[in-house]
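**Student:** Sharing a structure, written as structure tokens. Questions coming.
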Amino acid sequence: MEIPTLTTGNISLRAIDEKDIAALFSLFSQEKVVRFMDIERFVNVSEAVQLIAFFRDKLARGEGMRWAITLNGHNELIGTCGFHHINRTHYKMEMGYDLLPSYWGKGIMTNCIHRLMQYGFEDLQINRIEAFVDPANTHSRQLLERLGFEQEGKVRQAFFQKGKFVDAFIYSLLQRDYRYDMQF
């Protein structure tokens, strides 16, 4: 399986590789970025190298796909997005995303997720895309709801992260409810 390049508006989603090590380190070393994630803030560039290897391993096993988010005309990674759990038996994928704070609020992630939905539903013929979100992450919850995802409920103590159990809201969008021409 290969990561195809996906474009939408002024954004390109491309494969992550070694040229992204410094940008990945910069992204994941920011507390604002990892605040609601199950990883600690990066403190060593070797963690970015390990992350690339992790993404490649998931792809090779057919269990995940992660893209670098770039602005057209610039090849520098400003975030990542993708499907970190693919279950082909049940035609579903779990989505995740992150972005440098200086790009928040500019519609970039809305466009990225919309393009991921299109790829998942139309090209891969997935039936369900889901996302787990920390209840305190209101921006992520609002983003998913704006894109048509439904909150299905709260999974109590769903994850153990940063030394404690945390709840998560589960959101989903089904292929039958997806519309390519959705307005945000």
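The values are calculated or read from the model by the stated rules, or taken from the named source; none is laboratory data. As the structure is a computational prediction, the values presented were derived from the model and not from experiment. In this analysis, Cβ positions are derived from the backbone assuming ideal geometry, glycine residues included, and neighbour counts consider all displayed protein chains. In case anyone asks, the SASA skips ligands and DNA or RNA and just uses the protein heavy atoms, side chains included. Shrake-Rupley method; radii C 1.70, N 1.55, O 1.52, S 1.80 Å.
**Student:** Mind running the shape call on the stretch 69-161? Use the C-alpha gyration tensor, a ≥ b ≥ c as the square roots of the eigenvalues: rounded below 1.5 for a/c, prolate if a/b tops b/c, oblate otherwise.
**Tutor:** Values: a/c = 1.78, a/b = 1.19, b/c = 1.49.
Note, shape of the stretch 69-161 comes out oblate.
**Student:** Specify, per residue and in Å³, the volume enclosed by the convex hull of the alpha carbon atoms belonging to the stretch 1-100. Don't skip to the end; give the middle numbers.
**Tutor:** Numbers: hull volume 10.3 nm³, N = 100.
Once divided by residue count, the hull of the stretch 1-100 is 103 Å³.
**Student:** With the crude spin-label approximation of a point 7 Å out along Cα→Cβ, what separation in nm comes out for Ser46 versus Ala15?
**Tutor:** Modelled inter-label distance: 2.6 nm.
**Student:** On to the next question. Let's see if you can work this out: charge +1 on each Lys and Arg Cβ, -1 on each Asp and Glu Cβ, no other charges. What is the dipole magnitude of the stretch 58-181 about its Cα centre, in debye to the nearest 20? Please report the intermediate quantities before stating the final value.
**Tutor:** Values: 16 positive and 14 negative charges, 54 e Å.
Roughly 260 debye, rounded to the nearest 20.
**Student:** For the chain, set up a GNM with springs between Cα atoms under 10 Å and report which of Gly64, Gly163, Gly73 has the largest fluctuation.
**Tutor:** Ranking Gly64, Gly163, Gly73 by mean-square fluctuation puts Gly163 first.
**Student:** I would also like to ask the following. Any idea how far apart Arg88 and Arg56 come out in nm if each label point goes 7 Å out from Cα toward Cβ?
**Tutor:** My value for the distance between the label points is 2.1 nm.
**Student:** Taking the chain as a Gaussian network, where each spring joins two C-alpha atoms under 10 Å apart, which residue of Leu173, Leu116, Leu51 fluctuates the most?
**Tutor:** Checking each option, the largest mean-square fluctuation is seen for Leu51.
**Student:** Now for a separate question. Using modelled amide H (1.01 Å from N, peptide plane; none on Pro or chain starts), what sits under 5 Å from the amide H of Ile126, excluding residues fewer than 5 places away?
**Tutor:** Amide H neighbours of Ile126, under 5 Å, 5+ apart: Phe121.
**Student:** Classify the chain from the C-alpha gyration tensor, please: rounded if a/c falls under 1.5, else prolate or oblate depending on whether a/b exceeds b/c.
**Tutor:** On the way: a/c = 1.34, a/b = 1.11, b/c = 1.21.
It is rounded, given that a/c, with a ≥ b ≥ c, falls under 1.5.
**Student:** Heavy-atom accessible area of Ser102 with all protein chains present, probe 1.4 Å, nearest 10 Å²?
**Tutor:** For Ser102, the solvent-accessible surface is approximately 80 Å².
**Student:** Points 7 angstrom from Cα along the Cβ direction at Ala136 and Leu124: gap in nanometres?
**Tutor:** 3.0 nm
**Student:** With a/c under 1.5 counting as rounded, go ahead and sort the stretch 79-122 into rounded, prolate or oblate using the C-alpha gyration tensor (a ≥ b ≥ c being the square roots of the eigenvalues; past the cut-off, prolate if a/b is larger than b/c, else oblate).
**Tutor:** On the way: a/c = 4.52, a/b = 2.04, b/c = 2.21.
Oblate is the answer for the stretch 79-122, as a/c is 1.5 or above yet b/c matches or exceeds a/b.
**Student:** Once fully extended, how much extra length lies between Lys164 and Asp177, figured as 0.36 nm per residue of separation less the alpha-carbon to alpha-carbon distance? Before the final figure, lay out each step's value.
**Tutor:** Values: separation 13, 0.36 × 13 = 4.68 nm, distance 3.52 nm.
Residue separation times 0.36 nm, minus the Cα-Cα distance, leaves 1.2 nm.
**Student:** Also, I was wondering about something else. Would you mind checking the pairs Lys92/Lys162; Lys32/Lys154; Lys32/Lys164; Lys58/Lys92 and listing those with alpha carbons more than 25 angstrom apart? Working shown, then result.
**Tutor:** On the way: Lys92/Lys162 28 Å; Lys32/Lys154 23 Å; Lys32/Lys164 18 Å; Lys58/Lys92 16 Å.
Listed pairs above 25 Å: Lys92/Lys162.
**Student:** Distance from the Cα centre of the stretch 124-184 to that of the stretch 47-68, in angstrom?
**Tutor:** Each part's Cα centre sits 21 Å from the other's.
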